[in-house]
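Student: Could you have a look at this structure, given as structure tokens, before my questions?
The values are calculated or read from the model by the stated rules, or taken from the named source; none is laboratory data. Just so we're clear, the structure is a prediction, and the values are computed from it rather than from any experiment. Cβ placement follows ideal geometry from the backbone for every residue including glycine, while neighbour counts extend to all protein chains displayed. Note: areas computed on protein heavy atoms with side chains; ligands, DNA, RNA excluded. Shrake-Rupley method; radii C 1.70, N 1.55, O 1.52, S 1.80 Å.
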Amino acid sequence: MAYFLRTGDDYLDQAVKYSSKAGAVAAFRETSDELDRYGQSITASLHIADTLDEVVEYPDFVLERGPRGGIKGERA
């Protein structure tokens with residue numbers, strides 16, 4: 001099982017593969033922290049599948065920055 005992170009308006013075929021959910025969330029946190037420095041925000045979707053070809057449009061989790069700076073991962 002792999003975790004595919006789709007950030008912002010990226011297409012599904014641009015999703016980046018991670019071997020763990022923690023790795024994908026950490027990558028999103030890094031992007032979110034950088035944008036937060038400039039007063040911007042972004043959301044991402046996390047898809048669980050074996051290969052990129054098996055990723056479906058509907059995500060398993062939606063990631064966003066919480067009000068206190070943490071990353072919220074809500075099951076979709």
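Student: Specify the angular offset, from 0 to 90 degrees and rounded to the nearest 10, of the alpha carbon long axis of helix 21-36 from the longest principal axis of the alpha carbons in the chain.
Tutor: Long axis of 21-36 versus the principal axis of the chain: about 40 degrees.
Student: Evaluate the distance, in nm, between pseudo-label points positioned 7 Å from the Cα of Arg37 and of Gln14 along their respective Cα→Cβ axes.
Tutor: 2.2 nm
Student: Taking chymotrypsin sites (Phe, Trp or Tyr not before Pro) as exposed when DSSP calls them loop (any state but H, G, I, E, B) and at most 16 other Cβ atoms lie within 10 Å, what is the longest stretch of the chain free of them, the sites themselves excluded?
Tutor: Formally, the longest exposed-site-free interval is 39-76.
Student: Pull out the extension gain between Ala22 and Ile71, defined as 0.36 nm times the separation in residues minus the alpha carbon to alpha carbon distance; nm, one decimal.
Tutor: Full-extension gain reported as 16.5 nm.
Student: Non-local amide H neighbours of Asp60 (under 5 Å, H modeled in plane, Pro and chain starts lacking H): which ones?
Tutor: Answer set, sorted by chain and number: Leu46, His47, Ile48.
Student: Ok, one more. Please list, in order along the range 65-76, the HN-Hα scalar couplings obtained from phi with the Karplus expression 6.51 cos²θ - 1.76 cosθ + 1.60 (θ = phi - 60°), rounded to whole Hz, x for Gly and Pro.
Tutor: For the range 65-76, the Karplus curve yields 7, x, x, 9, x, x, 9, 9, x, 9, 5, 8 Hz.
Student: Sticking with this structure for a sec: Filter the GluC sites (Glu not before Pro) in the chain down to the DSSP loop ones having no more than 16 other Cβ atoms within 10 Å, then list what survives.
Tutor: Here the GluC sites (Glu not before Pro) that fit, given the DSSP loop and packing criteria, are Glu57.
Student: With a sphere of radius 12 Å drawn around the Cβ of Phe61, what net charge do the other residues whose Cβ falls strictly inside it have (Lys, Arg +1; Asp, Glu -1)?
Tutor: +1
Student: Roughly how many percent of the accessible protein surface of the chain is carbon and sulfur, given a 1.4 Å probe and a whole-percent answer?
Tutor: 46 percent
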